[in-house]
Amino acid sequence: MTSTPQTTPRERAARGFLRAFGTEAQRLSRAPARVNLIGEHTDYNEGFAMPCAIDRDTVVAAAPRDDDVVEVLACDIGESLGRFRVGDAADVSGSPQWLRYVQGMVAVLKAQGLAVGGAQLAIAGNVPQGAGLSSSASLEMAVGQALAALNGWQLAPKAMALAGQKAENVYAGCQCGVLDQMSSALGVDGHALLLDCRSLDVQPIPLPEGTAVLVIDSKIQRGLVDSEYNLRRQQCEAAAAGLGVKALRDVDDALWSRRGGELDLVVRRRARHIISDSRRCELMAVAMARGDLREMGRLMRESHWSMRDDFEITVPAIDALAARVQDVIGDAGGARMTGGGFGGCVIALAPVGLVDEVRSAVAMDYRSPDGREAEVHVCAASGGAGVLA
Ligand code: GAF
């Protein structure tokens, strides 16, 4: 949901609630967006990824109803109002996309045997839309937290993340992995998360002191993202099947040198990206733990090249943006495209002293293919989803 300047999502959700429903909200929940530092498309290959939650949130103001009707106000989408019965939540035909995430969470949580009653919900946020920062996962996690608070139960963050992934897969029509929901559910202030997408173990690692997290929105809308995303998934599955393993996570050096050459050339390049980017995550964790921003930057550069040449999910304007930012940072840090690809954001980790220089270079030298300037967000690594009040 996009922001209106000067007001926080919390204020807008609370005020919207009052306007739409005529009473004060009783509960407030929030969930952050995320940026992935390294490890792209590795999640559905059961490899490693390294995201951090960021200080851009979706907030839900909520109160219970005494029947089974859920009324939802989308403060940032023209104050649209959605309405459905808990028992009919699974029927998303005819619902706008934003409401499907809410219906999906209700349907999935209810199917797990959790009590879900009627509710009034008002949603506001400041997560840039369509920029690949997981506004949808933050919506799912904030709604999940609101439903937990209203109905008097709790769900472990990992279980909430899996519920969000299912809501998205089944009801919102996106075959995403679990990266986005895990990041939003389990974020830790000041930390990146080394996420093992097979075991779902999460290791928080502090970002090195003095490191700026720059999220640079290219303003290139992520065209073809669904079809290309699904195609990449199929190619990865074909690679795993061709190598006789459950997932690309299981490919070690010996297997790769013995059998990698048997794969179709394109499928081989896709697999090479996944295997190498998952390893880069592990190396990144080691470098980050010792505060080595230079090595982290080197790994980020390699990751970008791997996405560009092997996985082919970058576009020329994003390559140019990442390269320009990298020019400014030199070998003191790194820049790479982040997220599913075909547009969206560049993530840069750089010494804080270089932030202004990055801003000027981007303002001076970058325009999207349709002539738009990039937007530079200086973010803080944030804590995960929860109830505010
Ligand atoms: C999107 C998906 F939703 C994630 O699951 C992940 O695959 C990511 O693209 C790429 O790393 O955000």
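The values are calculated or read from the model by the stated rules, or taken from the named source; none is laboratory data. Since we're looking at a predicted model, the values are computed, not measured. So basically every Cβ, Gly included, is an ideal-geometry build from the backbone, and we count neighbours across all protein chains shown.
Name the residues in region 348-389 that are surrounded by 24 or more Cβ atoms within 10 Å (Cβ to Cβ), closer than 30 Å to residue 28 by Cα and among the hydrophobic types (A, V, I, L, M, F, W, C), would you?
Those that are surrounded by 24 or more Cβ atoms within 10 Å (Cβ to Cβ), closer than 30 Å to residue 28 by Cα and among the hydrophobic types (A, V, I, L, M, F, W, C): 381, 385.
Failed condition for residue 214, given (1) within 11 Å of the ligand (Cβ to nearest atom); (2) in the same structural domain as residue 332 (by TED's automatic domain parsing), with all others met?
For residue 214, the exception is condition (1).
Going through 146, 163, 172 one at a time, which residue ends up being at pLDDT below 95 and of a type outside the set (Lys, Arg)? Spell out how you get there, then give the answer.
Values: 146 fails: at pLDDT below 95; 163 fails: at pLDDT below 95.
Of the residues listed, the single one that is at pLDDT below 95 and of a type outside the set (Lys, Arg) is 172.
Could you check region 321-358 and list, in sequence order, the residues that are in contact with a Phe, Trp or Tyr (Cβ under 7 Å, 6 or more places away or on another chain) and more than 12 Å from the ligand (Cβ to nearest atom)?
Answer for region 321-358, where residues must be in contact with a Phe, Trp or Tyr (Cβ under 7 Å, 6 or more places away or on another chain) and more than 12 Å from the ligand (Cβ to nearest atom): 321, 324.
What are the pairs, 6+ residues apart or on separate chains, where a residue within region 98-112 that is small (Gly, Ala, Ser) has its Cβ under 7 Å from a residue that is crowded, with 22+ Cβ neighbours inside 10 Å and assigned to a helix (DSSP H, G or I)?
Sorted first by the residue in region 98-112, then by its partner, the pairs are 104/167; 104/168; 104/171; 107/171.
Go through region 149-190 residue by residue and tally those that are among the acidic types (Asp, Glu) and farther than 25 Å from residue 63 by Cα.
So the answer is 2.
Quick check on residue 349: is it assigned to a helix (DSSP H, G or I) and under 26 Å from residue 41 (Cβ atoms)? Can you show your working first?
Values: assigned to a helix (DSSP H, G or I): no; under 26 Å from residue 41 (Cβ atoms): yes.
The answer is no for residue 349.
Does region 84-100 contain at least one residue that is surrounded by fewer than 24 Cβ atoms within 10 Å (Cβ to Cβ), within 16 Å of the ligand (Cβ to nearest atom) and not assigned by TED's automatic domain parsing to the domain that holds residue 288?
Yes - at least one qualifying residue is present in region 84-100.
The rows are residues; the columns are (1) within 15 Å of the ligand (Cβ to nearest atom); (2) under 14 Å from the mean Cα position of the chain (by Cα).
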{"site": "149", "(1), (2)": "no, no"}
{"site": "152", "(1), (2)": "no, no"}
{"site": "156", "(1), (2)": "no, no"}
{"site": "164", "(1), (2)": "yes, yes"}
{"site": "170", "(1), (2)": "yes, no"}
{"site": "177", "(1), (2)": "yes, yes"}
{"site": "183", "(1), (2)": "yes, yes"}
{"site": "186", "(1), (2)": "yes, yes"}
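Being in contact (Cβ under 8 Å) with a residue 40 or more places away in the chain, within 23 Å of residue 212 (Cα to Cα) and aliphatic (A, V, I, L, M), is that true of even one residue in region 270-286?
yes
Confirm whether residue 129 is within 11 Å of the ligand (Cβ to nearest atom), at pLDDT below 95, surrounded by fewer than 24 Cβ atoms within 10 Å (Cβ to Cβ) and in the same structural domain as residue 195 (by TED's automatic domain parsing).
Details: within 11 Å of the ligand (Cβ to nearest atom): no; at pLDDT below 95: yes; surrounded by fewer than 24 Cβ atoms within 10 Å (Cβ to Cβ): yes; in the same structural domain as residue 195 (by TED's automatic domain parsing): yes.
Judged against the criteria, residue 129 is not a match.
How about region 205-249: which of its residues are assigned to a strand (DSSP E or B) and surrounded by fewer than 16 Cβ atoms within 10 Å (Cβ to Cβ)?
Residues of region 205-249 that are assigned to a strand (DSSP E or B), as a first pass: 205-206, 211-217.
Residue satisfying the conditions is 206 alone.
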